[in-house]
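Report on the following structure.
The values are calculated or read from the model by the stated rules, or taken from the named source; none is laboratory data. In this text the structure is predicted, and so the values were computed from the model without any measurement. Reconstructed Cβ throughout: ideal geometry from the backbone, glycine too, with neighbour counts over all protein chains shown. To get the accessible areas, we keep the full protein, side chains included, count just its heavy atoms, and leave off ligands, DNA and RNA. Shrake-Rupley method; radii C 1.70, N 1.55, O 1.52, S 1.80 Å.
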Protein chains: 2
Amino acid sequence: MKVLLVEDDPFHMGYLEEQVASALPEADEILLAHDGAEGEDLARRASVGAIVMDLQMKSRNGIEAARTIWSERPQTRILFWSNYADEAYLRGITRIVPEDCAYGYVLKTVSNERLHLALRSVLVQGQITIDREMHRIQKRKTEAGSALTDSEYAVLIDLALGLPDKEIARRHSMSLRTVQNRLLSLYDKLEVDGEEEPGLDGGVNKRVRALTRALLTRTLNVEALESAERARLEEIAASRGTV
Amino acid sequence: MKVLLVEDDPFHMGYLEEQVASALPEADEILLAHDGAEGEDLARRASVGAIVMDLQMKSRNGIEAARTIWSERPQTRILFWSNYADEAYLRGITRIVPEDCAYGYVLKTVSNERLHLALRSVLVQGQITIDREMHRIQKRKTEAGSALTDSEYAVLIDLALGLPDKEIARRHSMSLRTVQNRLLSLYDKLEVDGEEEPGLDGGVNKRVRALTRALLTRTLNVEALESAERARLEEIAASRGTV
DNA sequence: ATTCGACTTGCGGGAACCCGCAAATGCCTT
DNA sequence: AAGGCATTTGCGGGTTCCCGCAAGTCGAAT
């Protein structure tokens, strides 16, 4: 069994290597990659079936690497391990995970045993394992009434890119007023207008406020913005090509 | 000589400990703290004069910890070491560093020798040392015409909090039109309106766009938003108290 | 002293945003 | 089939934002 580790921090890589060696005795070949691009390359070249991947990497982030890997070999099992419990990461992953594919998400702060379990459960047993920290986040949001639907999330992304309502409506082929309704529920769920502080005549800039609230609550993160930005530029280039 | 290390990642802490021990033989007492709060506490209790501190920590971030430490003992020498070369961090630091105080900023990715040099130069010699990565960033921005002045930065923060122009004007006691002028130069420097993409009737929401551009270019980061938000809440509480 | 440039302020209007009101559509329950 | 209930869409107008134009202030350079 081949296992590929993708991680750009040398200390974490060292630790990870040890843990994988001890948790997965059946791993007779352990490959190392130090950024997303190298990871994609190695996964392709060596036909790796099991991967442990960091999410935050400078050259190419884990979600993007995972997308190309999965698009080439959808059965690849990937365990993501990350410093942060951001909803945006989990959302980014669930958005691209293929049907019937095993994956997992653990935080770097978990104990050895938890990491061991996650490694075996995802890479060997083919389970889907999400760190309970993340589930807690999701739960908290739903019960606080702030679970974004997919279409709300999509609108939030477009808002964050600075698109005006009209353009958002066009991109999702919905009416202008519907976009505004989405925005209303976003403002509600993100608690824009929270508590109506005094010393403020009641108004804030809702669009901007929604964005910063999303960032502060970890509903969105800067990496998600970056890839959305890239995606948009590609889309524009493509449409320019067809015109 | 007492040295305090503040770092919440155990691997990095281990490495840092080794490096400090070998680079600073005069350090006869090395104290460890695992988050900002603990760091403040130890610094106060042990009257530490030299600190190496991580910037990203969950419980209390390095800049805030540094502020309270410096407010109590302005002569404390602090070397910040960080994963990211964000302008926002450097700006946050230079904003709070006392007169005639030694400090430094190095990235975690630098070589042992560079870290050695920074340790000796800042903590022993009392120099000011900024990693050249950061200088490169600052230079790039100035020559690209995008160095924000302090007042522009201040307006950017308020904008990011979602405040309307009128409120920003009040907080900085400038006229509404002046705020708008600041915003104009912000839009310019942050390259809102970049290249007028086709497929877009020419308009974007400038406020939101300015914020995401600032985030994407690392002019601003989420931690800066968090502390700005906290500061604003405190200010409101204070004003409520006086009323 | 004069000129110049950088900054501030007011005015005014076009565009975008925010949102209440109300009609239309589609799905679920009974 | 007949009522809810959620979602979508249009309309209208109040507010904020964006910004060109023009007049005023202030310090620095000539």
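Listed values, structure above:
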{"quantity": "Label zone at residue A:238 (point 7 Å along Cα-to-Cβ), backbone N below 15 Å, segment A:68-92", "calculated": "A:68"}
{"quantity": "Pseudo-label separations to other copies for residue B:191 - Cα-to-Cβ vector, 7 Å, nm", "calculated": "3.6"}
{"quantity": "Estimated FRET transfer efficiency (residue B:121, residue A:47; beta-carbon r; R0 41 Å; 0.05)", "calculated": "0.25"}
{"quantity": "Long-range HN-HN contacts of residue A:50 with modeled amide H, under 5 Å", "calculated": "A:4, A:77"}
{"quantity": "Mean shadow area of segment B:1-68 over all directions, Cα convex hull, nm²", "calculated": "4.0 nm²"}
{"quantity": "Shielding score for B:203-216, defined as the mean number of other chain Cβ atoms within 10 Å", "calculated": "6"}
{"quantity": "Rotational relation A to B, axis-closest Cβ in chain A, residue and distance rounded to whole Å", "calculated": "A:11, 2"}
{"quantity": "Dipole of segment B:2-140, positive end: most advanced residue of B:123, B:98, B:55 [Cβ charges, Cα centre]", "calculated": "B:98"}
{"quantity": "Helix A:132-143 axis, angle to chain A major axis (alpha carbon atoms, nearest 10°)", "calculated": "20 degrees"}
{"quantity": "Estimated dipole of segment A:144-242 in Debye, rounded to 20 [Cβ of Lys and Arg +1, of Asp and Glu -1, Cα centre]", "calculated": "420 debye"}
{"quantity": "Inter-centroid distance (Cα atoms) of segment A:209-227 relative to segment A:29-67, Å", "calculated": "25 Å"}
{"quantity": "Inter-site label distance for residue B:185 and residue A:185 at 7 Å from Cα along Cβ, in nm", "calculated": "4.3 nm"}
{"quantity": "Size of charge dipole - the protein assembly as shown - debye, nearest 20, with Cβ of Lys, Arg +1 and Asp, Glu -1, no other charges", "calculated": "1180 debye"}
{"quantity": "Heavy-atom accessible area order for B:163, A:32, largest first, 1.4 Å probe", "calculated": "A:32, B:163"}
{"quantity": "Test item: Cα-centred dipole of chain A, Lys/Arg +1 and Asp/Glu -1 on Cβ, debye", "calculated": "700 debye"}
{"quantity": "Per-copy distances of the residue B:26 label point, shortest first, in nm (7 angstrom along Cα→Cβ)", "calculated": "5.8"}
{"quantity": "Copies compared at residue B:11 - label distances in nm, ascending, label defined 7 Å from Cα in the Cβ direction", "calculated": "0.9"}
{"quantity": "Diffusion constant of chain B at 10 °C, which comes from Stokes-Einstein with the Kirkwood Cα-pair radius and 1.306 mPa s, µm²/s", "calculated": "81 µm²/s"}
{"quantity": "Set of aspartates and glutamates with alpha-carbon distance to residue B:2 below 20 Å, sequence-local pairs under 8 removed", "calculated": "B:17, B:18, B:26, B:28, B:29, B:35, B:38, B:40, B:41, B:54, B:72"}
{"quantity": "Using distinct alpha-carbon pairs, which all enter the 1/r mean, Kirkwood radius of segment B:2-140 in Å", "calculated": "14.6 Å"}
{"quantity": "For the protein assembly as shown, the spread of Cα positions along each principal axis, largest first, Å", "calculated": "60, 59, 45"}
{"quantity": "D (Stokes-Einstein, µm²/s), Kirkwood Cα radius, segment A:144-242, 0.890 mPa s at 25 °C", "calculated": "170 µm²/s"}
